[in-house]
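Asks: A single structure is presented below for examination.
FYI, it's all coordinate maths here, none of it is from the lab. Predicted model only: the values in this text are computed from it and were never measured. Glycine gets a Cβ as well: all are built from the backbone with ideal geometry, and neighbour counts include every protein chain shown.
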Amino acid sequence: MISELRTSIDIDATPERVWELLTDVSAYPEWSPLLTSAEGSFAAGDRVLFRFSPTNALLRTTVPARVLEVTPCRRLSYVLRFARLGTPGLLDVQSTVTIALHDGGVRLWMEMRFRGLLLPLMTRSLNRDRIPAFGPMPAVLKDRIEGMHAPRPE
């Protein structure tokens, strides 16, 4: 079983500025409300460790992510294993962000693909009709990026 959430948001910034924030792992909790900390780096094959607020006894709060794709200023993809046992196939979430040029800025596409044996227990919380996809995260991310100062020319 696979479930997918996808959304986009237009950001008045360059792809480089968006990429700078998306690849700043330690800053993720500043714009992703569910995270308490994050560490590691986004390089193909590397691992990133995300710490989430406790929400469910079946899901662990410290979640490793394996980086799948890093295409600078274009696409970032990683897979998280949420199930407490860490066993592949119980509950895996592939997160992909894609940066596309749009109207003098960028359109940031955010996609999450959920799969695994525990997914039927989670489908109600993933129902698009109950909550907007990704909650406040896209708007918080947009505000953070648009509030960043452009690097000063030297």
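Asks: For Lys142, what is the net charge nearby, where nearby means another residue's Cβ is under 15 Å from its Cβ and Lys, Arg count +1, Asp, Glu -1?
Replies: In short, -4.
Asks: In addition: I need the calculated FRET efficiency for the pair Ser53 and His102, taking r as the beta carbon distance and R₀ as 35 Å, to the nearest 0.05.
Replies: E(calc), rounded to 0.05, equals 0.60.
Asks: Residues with beta-carbon under 14 Å from that of Asp46, excluding Asp46: net charge, scoring Lys, Arg +1 and Asp, Glu -1?
Replies: Net local charge, Asp46 excluded: 0.
Asks: So, one more: Less than 14 Å Cβ to Cβ from Leu35, Lys/Arg counted +1 and Asp/Glu -1: what total charge do the surrounding residues give?
Replies: 0
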